[in-house]
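Take a look at the structure below.
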Amino acid sequence: MSFENLGLCGPLLRAVQAAGYREATRIQVQAIPIVLSGRDLMGCAQTSTGKTAAYALPTLQRLSTGGARRGASGEGRQGARRNIRALILAPTRELAAQIAASVAAYGRYTGLRCAVVVGGVSQRPQVRDLQAGVDILVATPGRLLDLMQQ
């Protein structure tokens, strides 16, 4: 099935095409409509089957087109600080970095900002990213809890 048939918006279709995706995988075909409708989903699939795109693409669409409730961050006002509107937890910093790179690639034409916070590296740049405002945060639990406590 093509991504066009899954109801994705133009900016996301451009991004998946730029990423070289032609046909949606089984997990994407099953998951994207459910997440687009705003329902919760738990999915399981083998490595390299497109799980990240299966949840990231519809999440990006909901955030960029108003399908998800906007926060009180003053979005729509130029220069307004963005509040975190989506959180993706990953068990390792390597996986978090990989997910954040995918989210950034898929969201490249949406205007949404993504940041990653992980342990084992300096937290200063991560804190700066958060202070600048992000829409989607990808984090490892340890660093996220550490920053929340600070």
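The values are calculated or read from the model by the stated rules, or taken from the named source; none is laboratory data. What you see is a predicted model; the values in this text were computed from it and never measured. Here the Cβ is made from the backbone with ideal geometry for all residues, glycine too, and neighbour counts use every protein chain on show. SASA here: full protein model, heavy atoms, side chains in, ligands and nucleic acids out. Shrake-Rupley method; radii C 1.70, N 1.55, O 1.52, S 1.80 Å.
Approximating the spin labels as points 7 Å out from Cα along Cα→Cβ, the Q17-to-Q30 distance works out to 2.9 nm. What is the distance in Å between the Cα centres of the stretch 110-150 and the stretch 82-101? Each part reduced to its Cα centre gives a spacing of 8 Å. With both labels modelled 7 Å from their Cα along Cα-to-Cβ, the A132 to C9 distance reads 2.2 nm. Computed from phi, the 3J(HN,Hα) profile of the stretch 99-113 under the Karplus parametrisation 6.51, -1.76, 1.60 (θ = phi - 60°) reads 5, 4, 5, 5, 4, 4, 5, 5, x, 4, 9, 9, x, 7, 9 Hz, with x in place of Gly and Pro.
Placing dummy labels 7 Å off each Cα toward the beta-carbon, the span from M42 to R108 is 3.5 nm. Working note: Karplus 6.51/-1.76/1.60 with θ = phi - 60° gives the stretch 87-92 the couplings 10, 10, 9, 10, x, 10 Hz, where Gly and Pro are set to x.
What do you get for the angle between helix 26-36 and the principal long axis of the chain? Use alpha-carbon atoms, 0 to 90 degrees, nearest ten. Approximately 60 degrees, to the nearest ten. Over all pairs of different C-alpha atoms in the chain, the reciprocal of the mean inverse distance, the Kirkwood hydrodynamic radius, equals 16.0 Å.
When the accessible area of the chain is split by element with a 1.4 Å probe, what percent falls to carbon and sulfur?
Numbers: 4450 of 8760 Å².
With neighbouring chains kept in place, the figure for the chain is 51 percent.
Phi angles of the stretch 8-25 translate, via the Karplus equation with coefficients 6.51, -1.76, 1.60 and θ = phi - 60°, into HN-Hα couplings of 6, 6, x, x, 6, 5, 4, 5, 5, 5, 5, 7, x, 7, 10, 10, 6, 7 Hz per residue; Gly and Pro are given as x. Based on DSSP H segments of at least four residues, each scored -39500 (n - 2.57), the chain has a per-residue ellipticity at 222 nm of -13500 deg cm²/dmol.
With every protein chain left in place, what is the accessible area per residue of the chain in square angstrom, probe 1.4 Å?
On the way: 8760 Å² over 150 residues.
Dividing the accessible area of the chain by its residue count gives 58 Å².
A full extension of the chain between L95 and Q123 corresponds to an added length of 8.3 nm, given 0.36 nm per residue minus the alpha carbon distance. Counting only DSSP beta bridges with both residues in the chain, the antiparallel share comes to about 10 percent.
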